[in-house]
1. With the requirement that a residue be open to solvent by less than 40 Å² (accessible area, probe 1.4 Å) and out of contact with any Leu (no Cβ under 9 Å at 6 or more places or on another chain), what does the stretch 78-100 give you?
2. Which helices (runs of 4 or more DSSP H) does the stretch 81-196 wholly contain that include 1 or more residues that are among the β-branched types (Val, Ile, Thr)?
3. Where residues in the stretch 174-187 are under 22 Å from Val112 (Cα atoms) and touching a residue at least 40 places away in the same chain (Cβ under 8 Å), which of them is surrounded by the fewest Cβ atoms within 10 Å (Cβ to Cβ)?
4. For the stretch 22-73, give me each residue that is modelled with pLDDT under 90 and open to solvent by less than 30 Å² (accessible area, probe 1.4 Å).
5. Mind checking which residues of the stretch 88-98 are more than 14 Å from Arg144 (Cβ to Cβ) and either over 22 Å from the mean Cα position of the chain (by Cα) or among the aliphatic types (A, V, I, L, M) (or both)?
6. Go through the stretch 165-196 and give me each residue that's touching a helix residue (DSSP H, G or I) at 6+ places or on another chain (Cβ under 9 Å) and farther than 17 Å from Ala93 by Cα.
7. Select from the stretch 113-122 the residues that are in contact (Cβ under 8 Å) with a residue 40 or more places away in the chain and either loosely packed, with under 15 Cβ neighbours inside 10 Å or in contact with an Asp or Glu (Cβ under 9 Å, 6 or more places away or on another chain) (or both) and list them in ascending order.
8. Can you spot a residue in the stretch 34-41 that is β-branched (Val, Ile, Thr), farther than 20 Å from Glu122 by Cα and in a helix (DSSP H, G or I)?
Amino acid sequence: MSPSAGPLAGGATASRREQILAAAADLFARRGFHGVGIDDIGAAVGISGPALYRHFRSKDAMLGEMLTSISNRLLEGGRQHAEKEGSPDEVLAGLVAFHVGFALQQPALITVQERNLGNLAEQDRKQVRALQRRYVEVWVRALRAAVPQLDEAPARSAAHAVFGLINSTPYNRHLPDAELAELLGHLALGALYAAK
């Protein structure tokens with residue numbers, strides 16, 4: 001997906017709903033969830049704040065859909081990479097490259113996900129947490145296939161640590177994206193294999 005397609009867009013053209021979510025993600029990342037009002041989001045997409053209620057019942061619902069959607073995208077993308085043909089090392093490298101690419105293309109979403117889980121309604125939070133756990137397990141299986149002597153608990157901890165490394169990209173844009181992607185990939189794989 002190209003960065004211009006919008007954070008939640010699945011196709012070439014973002015729907016109005018996806019445009020609203022993209023604008024909200026950018027605002028939430030810059031100003032925090034509580035620092036953004038419905039009118040701010042409406043202004044960012046050229047409509048009145050109240051007109052947003054035709055698309056979302058509330059700002060909380062926007063956040064819930066946003067975080068559920070990105071958790072689903074990460075899980076589905078992770079599964080696709082984990083199921084590709086190749087050696088365990090190639091599969092693990094593919095997972096790392098996938099997550100690095102997502103983080104570089106969607107820094108606002110990474111920031112919103114990191115900062116706003118506690119702002120979700122309980123049902124949305126449970127759903128996002130369940131999706132995140134399943135994504136971690138994709139990584140745990142791939143890591144243990146590449147490093148067979150690694151037990152499950154350290155593999156899970158290593159996956160979480162690497163997510164922290166990769167998800168630091170919104171605060172680490174000192175290199176062009178291609179160079180940063182390469183550096184993050186090397187660092188992440190180094191950290192994962194160091195978990196032996």
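1. Val91, Gly94
2. Counting at least 1 such residues, we get 88-105, 107-116, 122-146, 152-166.
3. Here the answer is Asp177.
4. Selection gives Gly49, Ala51, Leu52.
5. Ala93, Val96, Ala97 - these are the residues of the stretch 88-98 that are more than 14 Å from Arg144 (Cβ to Cβ) and either over 22 Å from the mean Cα position of the chain (by Cα) or among the aliphatic types (A, V, I, L, M) (or both).
6. Matches in the stretch 165-196: Ser168, Thr169, Pro170, Tyr171, Asn172, Arg173, His174, Leu175, Asp177.
7. Passing the criteria: Glu114, Arg115, Asn119, Leu120, Ala121.
8. Yes, the stretch 34-41 contains at least one residue that is β-branched (Val, Ile, Thr), farther than 20 Å from Glu122 by Cα and in a helix (DSSP H, G or I).
The values are calculated or read from the model by the stated rules, or taken from the named source; none is laboratory data. Since the model is a prediction, treat every value here as computed from it, not as a measurement. Positions of Cβ are generated from backbone atoms using ideal geometry, with glycine treated the same way; all protein chains shown enter the neighbour counts. What goes into the accessible areas is simple: the full protein's heavy atoms, side chains included, and nothing from ligands, DNA or RNA. Shrake-Rupley method; radii C 1.70, N 1.55, O 1.52, S 1.80 Å.
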